[in-house]
Amino acid sequence: MTVDAMTRVAQLQAMFATLQAPPVAAPSPATTAGSPSFATALTQATTPAAAGVAAPPTVPAAGLNAAAASVPFAAQIDAAAAKNGVDPALLRGLVKQESGFDPAARSGVGALGLTQLMPGTARELGVTDPTDPLQQLDAGARYLKQQLDRFGGDPSKALAAYNAGPGAVQKFGGVPPYAETQHYVQNVLQFAAGYRGGASATPTPAPVAPPAATAVASSPTQWSIT
């Protein structure tokens, strides 16, 4: 066989081999390089984008309801209450009554801030900036705790002392017969009950001392802490 014939035979064999080889399947769209699998695509389709995920709602502190969690300075009030060992609902009620949660509140007699501390009381409690909400809340919670300890944990007497001074509570043996102080105590206790989600009825404060002949109008909030 000549060289030309042998070359021709080789070419024909190569052509037959190409024709007999199985066809190469084209890649399917689901398995194309870079394309996600069906499971991956399904997960992506049912998972909201990070930018569209709503922030989880604020979880109220133990014993409090959603209304308590939504008040201004809620986290700071909880921290001050925990630090000083007072009921966070009671501290919320006090702040609502004193300032309406306004850190810039100022009374006609000079009481300042969220907890409406008188300047002298604030200084005794270590407050260096009476307009600072954190200092105000901490000092107010500490002063409330002092009155609770002084009066055996009785919230009515402690609140009366916060408003009219501990001397007035000691003098009358309970909530003084001052209309302002009685109204103050009832309001704070009612607000606190509302933040706990408790009964809507106004809590009954400690017995009010009978009026004395020398009784005078209620004095400004906060007296000496000694």
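Values in this text are rule-based calculations from the coordinates and carry no lab data. Just so it is clear, the structure is predicted and the values come from calculations on it, not from any experiment.
Annotations
- Amide H contacts of residue 173 (H built 1.01 Å from N, under 5 Å, at least 5 apart or other chain): none
- Phi-based couplings in Hz for the stretch 180-188 (Karplus 6.51, -1.76, 1.60; Gly and Pro marked x): 4, 5, 4, 5, 4, 4, 4, 5, 4
- For the stretch 66-196, the Cα-based Rg and Dmax, in that order, read 13.4, 39 Å.
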